[in-house]
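Okay, so here's the structure we're looking at.
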């Protein structure tokens, strides 16, 4: 079960969110509620919350500060901000904190459900990775020539286990590309060395870790750039790049165009093919 905390200083908002979550995730989550930021931070840590639906403007401690306090002690906790504030500064800070999503009130029930389902999938994938890592044999020292003659090659079972782990690693990247990921951080989750993870990644994914992460981020950026109301800097932040200039260089290297050029081309294509928007 997923422990889900709802934090909002408005009682009606808390109850409405709780009713929606219970109706759509009845057998998947257990609920707890908090009426301010301080209680949200304390409850999330003491209760070991997996996921928080967090308002931003709350008395005593803002939702952003509460999320920061929780994530300092429970980095694996997921946060979805549900707020009436559409300020880019808030959204940017939320992304910087590692929020799963930033939803505006009045929240669309289907949009909330989709966001919560993505977060649950991330949590379940991370749990599965930890289980698989615990069962994964650690890399052994290089055998001597005599040992190589006496021993058979690695069994198929170990290879299939490694392939399964790498499939889950790929899925983890697909769900979390917008965060600050590295071989070291993913290796820490798996409890295996970055060098071993790198070798297995190349073997089973046919590309290195950074190339895979960059590919996922650029593909997501392409989708976001079709929205004319999002700036390139905002898109960069949403897909995991703190430096908009670095994002622009990475985007051009992959696509042959700057983000601005790609947006213009996508807009022209949409105008020339009206059915593409249907």
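Filter the range 14-29 down to the residues that are in contact with a strand residue (DSSP E or B) (Cβ under 8 Å, 6 or more places away or on another chain) and surrounded by 14 or more Cβ atoms within 10 Å (Cβ to Cβ) and list them by number.
Initially, the range 14-29 is screened for residues in contact with a strand residue (DSSP E or B) (Cβ under 8 Å, 6 or more places away or on another chain), giving 14, 17-18, 21-22, 25, 28-29.
Matches in the range 14-29: 14, 17, 18, 21, 25, 28, 29.
Taking the conditions exactly as written (in contact with a strand residue (DSSP E or B) (Cβ under 7 Å, 6 or more places away or on another chain) and part of a helix (DSSP H, G or I)), does residue 40 satisfy them or not?
yes
Where residues in the range 43-79 are out of contact with any strand residue (DSSP E or B) (no Cβ under 9 Å at 6 or more places or on another chain) and part of a helix (DSSP H, G or I), which of them is nearest to residue 97 (Cα to Cα)? First the steps, then the outcome.
Of all residues in the range 43-79, those out of contact with any strand residue (DSSP E or B) (no Cβ under 9 Å at 6 or more places or on another chain) come to 45-46, 59-62, 65, 68-69, 72-76.
The next check asks that each one be part of a helix (DSSP H, G or I); those that pass are 45-46, 65, 68-69, 72-73.
Values: 45: 17, 46: 20, 65: 10, 68: 7, 69: 10, 72: 10, 73: 13 Å.
Among those residues, the one meeting the criterion is 68.
Could you tell me whether residue 84 is modelled with pLDDT of 95 or more and over 27 Å from residue 181 (Cα atoms)?
Working: modelled with pLDDT of 95 or more: no; over 27 Å from residue 181 (Cα atoms): yes.
Spelling it out, it is not the case that residue 84 is modelled with pLDDT of 95 or more and over 27 Å from residue 181 (Cα atoms).
For the condition surrounded by 14 or more Cβ atoms within 10 Å (Cβ to Cβ) and in contact (Cβ under 8 Å) with a residue 24 or more places away in the chain, what is the one hit in 224, 213?
Details: 224 fails: in contact (Cβ under 8 Å) with a residue 24 or more places away in the chain.
Residue meeting the stated conditions: 213.
Return the only residue of 7, 41, 49, 67 being under 24 Å from residue 188 (Cα atoms), touching a residue at least 24 places away in the same chain (Cβ under 8 Å) and in contact with a helix residue (DSSP H, G or I) (Cβ under 6 Å, 6 or more places away or on another chain). First the steps, then the outcome.
Working: 7 fails: under 24 Å from residue 188 (Cα atoms); 41 fails: under 24 Å from residue 188 (Cα atoms); 49 fails: in contact with a helix residue (DSSP H, G or I) (Cβ under 6 Å, 6 or more places away or on another chain).
None of the others qualify; the one that does is 67.
The values are calculated or read from the model by the stated rules, or taken from the named source; none is laboratory data. Everything numeric in this text was worked out from a predicted model, so none of it was measured. Cβ atoms come from the backbone with ideal geometry, glycine included; neighbour counts cover every protein chain shown.
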